[in-house]
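For reference, the structure is listed below as structure tokens.
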Amino acid sequence: MIQRPKGCNDIYGREAKIWKYVESIIDATMEKYNYTYIRTPIFESTELFHRGIGESTDIVTKETYDFVDRGGRNMTLRPEGTAGVCRSYVENKMYGDPNQPVKVYYNGTMYRYERPQSGRDRELTQFGMEVLGSDDSLTDAEVISLAVNIYKMLGLKEIKVNINSLGDKESRDHYREALVQYFKPHIQDLCEDCQARLEKNPLRILDCKVDKDNPLLKNAPKIIDYLNDESKERFDKVKEYLDLLQVKYEVDPNVVRGLDYYNHTVFEIEAKVAGFGANNVLGGGGRYNHLCSEIGGPETPCIGFASGIGRLVRALELEEIKLPIVDSIDLFLMYVNEDEKKYAAYLSQELRMAGFIVDTEYTGRSLKAQFKQADRLNAKFIAVLNSEDLNNNEIKIKNNKTKQEEIISLDVLIYYLDEQLNTGVEEEYDNFFFEKDECHCEDDHHDCDCGNDCHCHHDK
RNA sequence: GCGGCGUUGGUGAAGUGGUUAACACGCUGGUUUGUGGCACCAGUAUGCAUGAGUUCGAUCCUCAUACGCCGCCCCA
């Protein structure tokens, strides 16, 4: 049997409906923030990722799907979305558009050659947004709040926003040097990986899982103390705007991100729901003011965010959030003989074009089995076509919930269905969202005893 | 790239070096000749991821490969 490629998934059935719903919320929310949709190629020249993401990053050195095309060109399946968007911004001279900044969002598959595990696939779907052409801290705050609001619109409650600032190049170099100086005398106390990190990327040591309880890490220099005045000022401004937008966050000096192009604001949003596994970051992003110039465009200040849809769907499942997924049909048409079948085919089309969700029988089932099929499809109405009725221009239609059956004229069928299906809509909407009681506590920092199943930020 | 565990019908799974691979759900048909969901009866894997090997004989033992799950590195 031919199996699917390692780390890739087929998404179908109910899960596909969840994905489509999630994507519809993303589209709708992005639209409200006036981000426009952008589609860029799934593969780009290898050079773009090497220059953009960074030669020495793991993602480029060992995780890309590279290939040489038939014309001998070096190509790479995109491992992330930002580099392609920047390339498009530069190549299409969007910087010349008077309408700045350019605010775009994307949603597509990315590819990373990694060993699959919980929350990590080789083909993954990410949505993300980028603001290109503004250095204003308000864009930093807006991108973070937009991300949070998408999660909120989907009903997620158990999320946590961690932010940090890497400062500008000067601050970062300064800090890097300080870290190396600090760790060097104690290097033998750290795990093997960290010893390697000291030269390669000392910032990563702070995020080590093995050494996370080592007091050495706790007392390490903090980047905040190494930010120059300008960097510090802008970080304060970002926090001020976040407070204004009522985004709850924590400053986490360990958020450093894996891609070279970030500076100043970096952030991650994690799922806090139990059972998520090792990879609990739903999304992350940051500011990248030098990427565009790095790939041959003008120096352009930018900020962006990307989030894995697979992980997001998983978080929704673990939080048991009920989504408005339509898994019912309006009418199932049943028949026994060929004439009735033909009429079923004809009538199905008429009703579908009139706006109803209609299905019928295609596998030659017995009438009894057709009833079961109608139930499996969650048909709101069912009708057994009967030659005699049809000759009288009538149809016998049954409400599959109340079991009430009526004989009506075929001439009024559309109006009948329309009327019947529109009653009880409210009742249906009641089931859409799994509403939890809102917390009305005044103080966020206390042990909540309001009795609600709420998730306000107390000190735990 | 490194490590651990796994893979048996449509599904959940039991099981054994030796003729017919449990059980349950589901599905199909019948009892009931065109208004069902219950009940009862019957049918439903020439097959145990793939390929080699050991053996008189392999789903079972060995090896390799593929894929899955979980962790590490790293990352969404």
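The values are calculated or read from the model by the stated rules, or taken from the named source; none is laboratory data. If you're wondering where the values come from, they're calculated on a predicted model, not measured in any experiment. Using ideal geometry, Cβ is built from the backbone for each residue, glycine included, and neighbour counts are taken over all protein chains shown.
Rundown of residues vs (1) of a type in the set (S, T, N, Q); (2) surrounded by fewer than 19 Cβ atoms within 10 Å (Cβ to Cβ), yes/no style:
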position: A:ARG87; (1), (2): no, no
position: A:VAL90; (1), (2): no, no
position: A:TYR95; (1), (2): no, yes
position: A:PRO98; (1), (2): no, yes
position: A:LYS103; (1), (2): no, no
position: A:THR109; (1), (2): yes, yes
position: A:PHE127; (1), (2): no, no
position: A:ASP135; (1), (2): no, yes
position: A:ASP140; (1), (2): no, no
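Output the residues belonging to the range A:95-130 that are away from RNA strand B (no atom under 16 Å from the Cβ) and part of a loop (DSSP other than H, G, I, E, B).
Correct list: A:ASP97, A:PRO98, A:ASN99, A:GLN100, A:PRO101.
Filter the range A:275-317 for residues that are of a type in the set (A, V, I, L, M) and at pLDDT below 90 and give the result.
Passing the criteria: only A:ALA278.
Against the conditions (1) on the phi > 0 side of the Ramachandran plot; (2) surrounded by 18 or more Cβ atoms within 10 Å (Cβ to Cβ), where does A:GLY296 fall short? Just the number, please.
Result: A:GLY296 passes all but (2).
In this structure, does A:VAL281 turn out to be more than 9 Å from RNA strand B (Cβ to nearest atom), within 21 Å of the chain's Cα centre (by Cα), within 21 Å of A:GLY128 (Cα to Cα) and not hydroxyl-bearing (Ser, Thr, Tyr)?
no
How many of the residues in the range A:333-361 are touching a strand residue (DSSP E or B) at 6+ places or on another chain (Cβ under 7 Å) and either outside the structural domain of A:ASP375 (by TED's automatic domain parsing) or among the β-branched types (Val, Ile, Thr) (or both)?
3
This table checks each residue for (1) of a type outside the set (A, V, I, L, M); (2) in contact with a strand residue (DSSP E or B) (Cβ under 8 Å, 6 or more places away or on another chain); (3) more than 25 Å from A:ALA147 (Cα to Cα).
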{"site": "A:PRO79", "(1), (2), (3)": "yes, yes, no"}
{"site": "A:MET94", "(1), (2), (3)": "no, yes, no"}
{"site": "A:TYR105", "(1), (2), (3)": "yes, yes, no"}
{"site": "A:PRO116", "(1), (2), (3)": "yes, no, yes"}
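Have a look at A:GLU299, A:GLU320 and point out the one that is assigned to a loop (DSSP other than H, G, I, E, B), away from RNA strand B (no atom under 16 Å from the Cβ) and under 28 Å from A:SER88 (Cβ atoms).
Step by step, each of A:GLU299, A:GLU320 is checked, and only A:GLU299 is assigned to a loop (DSSP other than H, G, I, E, B), away from RNA strand B (no atom under 16 Å from the Cβ) and under 28 Å from A:SER88 (Cβ atoms).
Within the range A:338-369, restricting attention to residues that are surrounded by 11 or more Cβ atoms within 10 Å (Cβ to Cβ) and β-branched (Val, Ile, Thr), which residue is nearest to RNA strand B (Cβ to nearest atom)?
Checked the range A:338-369; the qualifying residue nearest to RNA strand B (Cβ to nearest atom) is A:THR360.
What tally of residues in the range A:371-390 results from selecting those that are closer than 16 Å to A:LYS342 by Cβ and assigned to a helix (DSSP H, G or I)?
The qualifying residues number 4.
Scan the range A:73-94 residue by residue and report those that are part of a loop (DSSP other than H, G, I, E, B) and among the basic types (Lys, Arg).
The answer is A:ARG73, A:ARG78, A:LYS93.
Which of (1) part of a loop (DSSP other than H, G, I, E, B); (2) more than 14 Å from RNA strand B (Cβ to nearest atom); (3) touching a Phe, Trp or Tyr at 6+ places or on another chain (Cβ under 9 Å) is the odd one out, the single condition A:LEU259 does not satisfy?
It is condition (2) that A:LEU259 fails.
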